[in-house]
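Quick notes on the structure that follows.
Read-outs throughout are calculated quantities, based only on the coordinates presented, and are distinct from any laboratory measurement. In this text, all values refer to a predicted model and were calculated from it rather than measured experimentally. Cβ placement follows ideal geometry from the backbone for every residue including glycine, while neighbour counts extend to all protein chains displayed.
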Amino acid sequence: MTLTNQELRDRFAPFISRRDADRHINIFWETQPSAFSEPGKQFIELSGGMPHTSFFPIESMSVNILTAPGSTDTINVPITHETPSSLALKHTLQYALSEGFQPLIDFVRAFVTRLGNVPQYDPSLWQCLIANGSCDSLFKIFQTCTDERSVVLVEELTFVPVISNILATGAKVVPLKLSMRDDDQGIDTTYMEDLLANWETGPYAAYDRPKFLYTIPTGQNPTGLTQSVDKRRKIYALAQKYDFVILEDDPYGYLKFPKFNHEKPMENPYISTEMTTEQYARDVLMTSYISMDTDGRVIRFETFSKIFAPGMRLSFVILNNFFYEKLLKFQEITTRQPTGISQQIVYSTIHAMAPTKNTDDVIEAWLHWIMKLACSYTDRRNVMLDALYNSEAYKRGLYSVVEPSAGMFIIVNVNVDEKRAPVIQQMDELIRVMDKHGVRAILGYKMAVDREFSKDHLNFFRLTYAYADNHEQLREAVTRLSDSVVEYLA
Ligand SMILES: Cc1ncc(COP(=O)(O)O)c(C=O)c1O
């Protein structure tokens, strides 16, 4: 059947929480366009509680943008009340539409279309909603969709704020086993298939069948794992068979790296192959869940946090019209609108990177920036893996490493002796030793959904190569980590 708005409503109404069903939004302002047409006279606005532009303390701004990550060359971008006309300060400092500014919506829509991160159904049935960060949109989606009857499948180790958001709605979270093998990364589909096929007799028989899967498919947080395309296809087929919605949270997807080369640890194909944006889009980026979606069952979260700056609190969601209306309404009565100045700065910066304002040129320029970032992250990933493999603790078999091919994280599994003391106690003690040596990491067990379920995965640290000042600092950090592990275990 061809998808229609009515079909979307019928299909996804059961995916809405009781809370949302009780949410009534009273629009108290006139939404009809004005019929006033007296020549030479201006319509006078006495309706919106909007301050006059002259009451804003900012007259103009200018942003100096870098020509490449780490560069000292900058381009100056002036931002005034009049320019850029579509996103002038008088608009971005003002109350505005809850869905975001149209020029930015148009840009992100063109951008995801260029990369194929769009659904397969009729383009008039899906939208891009600008938002204040994926974390916030995920909170809103769970508020809108889940309640005490709902069950959400999640990776057994995950971005924990999302778990808090799910639980706060009264819903249950059910962990899915992760495979950490080099040739099989991410959700264990054999486990998942078995769980779903035998739900009524399985460990969660007391719960309803799951309505949602929350997944971080590329450069997963905390594990750094990336699901293969085959795995994504299997999981999408399971979503169709067992009728659940996939929440695809993909903050790290653009930071995608070619595989680590053990023979040549510093090899960086972004540089050595002089990779083009075409090759990056076609050969490097992963196939997204949304690009497989024929049914409207994928909601994709993208953010500017990792490819622009987290402080912008700017992101967008790609979703079908039904979920869009729901999320937009919630946005209308909560955050009201995505921050105007952030939209302004992101939009102006990206446009200033391009030689012309032609959308294709702007997309190309933005892709160049993203690729340069991915290239720098590849170097950092290489440096850290090389340092880990050459470290004393690794050579003595005291830890192992899971190699990431995307994102910001590497996990190091510490070979603690379970007979000595409980694993968590040892990891807590070890992190104190690391403190003494001057290096900090995340305790993996703190990112487990259910520590009993993940009892074989509690002995790891999540390390990030994103924040160190330079490669030397990364190498020094690994030496300190290794010294700590040797001191504690040897
Ligand atoms: C998986 C995941 N989702 C979402 C976020 C947060 O994104 P945002 O900054 O857009 O709220 C993070 C940040 O660490 C993350 O790891």
Compactness relative to 2.2 N^0.38 Å, alpha carbon Rg of segment 1-120:
1.57
Over all alpha-carbon pairs in segment 307-450, figure out the percentage whose distance exceeds 28 Å.
49
Amide H of LEU213: which non-local residues (sequence gap of 5 or more, or other chain) have their own amide H closer than 5 Å, using H built in the peptide plane?
LEU153, VAL245, ILE246, LEU247
Please report the base-10 log of the normalised intensity I(q)/I(0) for segment 123-176, using a Debye sum with one equal scatterer per alpha carbon and no solvent, at each q in 0.15, 0.22, 0.29, 0.31 (1/Å).
-0.47, -0.84, -1.12, -1.20
Go through segment 402-411 residue by residue and turn each phi into a ³J(HN,Hα) via Karplus (6.51, -1.76, 1.60, θ = phi - 60°); whole Hz please, and just put x for glycine and proline.
9, 7, x, 10, 6, x, 10, 10, 10, 9
Counting sequence-distant residues (5 or more places) and residues on other chains, those with an amide H built under 5 Å from that of LEU314 are GLY133, PHE304, SER305
Segments 166-172, 421-427 sorted - mean Cβ within 10 Å per residue, highest first
166-172, 421-427
For segment 440-490, alpha-carbon Rg relative to the globular expectation (2.2 N^0.38 Å, N residues)
1.36
As a footprinting exposure proxy, order SER37, SER305 by other Cβ within 10 Å, with the fewest listed first.
SER37, SER305
Quote the relative contact order of segment 1-110 in percent (integer), defining contacts as alpha-carbon pairs under 8 Å separated by 6+ residues.
14
For the chain, what's the relative contact order in percent, using C-alpha pairs closer than 8 Å and at least 6 residues apart?
18
Angle between the Cα long axis of helix 102-114 and the longest principal axis of the chain, 0 to 90 degrees, nearest 10?
50
Highest to lowest packing among 178-184, 457-463, scored as the average C-beta count within 10 Å
457-463, 178-184
Here the relative contact order (percent) of segment 336-490, from C-alpha pairs under 8 Å and at least 6 apart, is 25
Once the Cα gyration tensor of the chain is diagonalised, semi-axes √(5λ) in Å
40, 30, 21
Estimated [θ] at 222 nm from DSSP helical runs (n ≥ 4, -39500 (n - 2.57)) normalised by residues in the chain, nearest 500:
-11000 deg cm²/dmol
On the first, second and third principal axes, largest extent first, how far apart are the outermost C-alpha atoms of segment 352-424 in Å?
64, 25, 15
For segment 374-489, build the convex hull from the C-alpha positions and give me its volume per residue in Å³.
97
How do 401-408, 362-369, 106-113, 49-56 rank on mean C-beta neighbours within 10 Å, highest first?
401-408, 362-369, 106-113, 49-56
Evaluate segment 91-362: find the radius of gyration of its Cα atoms, find its Kirkwood radius, and give the ratio Rg to Rh.
0.97
With 10 Å bins from zero, work out the P(r) of segment 1-42 over every alpha carbon pair and list the percent per bin.
19, 23, 25, 16, 15, 2
Stokes-Einstein diffusion coefficient of segment 85-175, Kirkwood radius over Cα pairs, 10 °C, 1.306 mPa s, in µm²/s:
101
Calculated from backbone phi, Karplus (6.51, -1.76, 1.60) coupling profile of segment 479-490 in Hz, x at Gly/Pro
4, 5, 4, 4, 4, 5, 5, 4, 4, 6, 9, 6
Karplus (6.51, -1.76, 1.60) ³J(HN,Hα), θ = phi - 60°, over segment 23-35, in Hz, Gly and Pro reported as x:
8, 10, 10, 9, 7, 9, 9, 5, 9, 6, x, 5, 9
Determine which lysines satisfy two conditions relative to LYS395: a Cα distance under 30 Å, and not lying fewer than 8 residues away in the same chain.
LYS177, LYS256, LYS259, LYS264, LYS419, LYS436, LYS446, LYS455
Excluding same-chain residues fewer than 8 positions from LYS329, which lysines have a Cα within less than 17 Å of its Cα?
LYS140
Could you tell me, in Å, what Rg and Dmax come out for the Cα atoms of segment 146-206?
12.7, 37
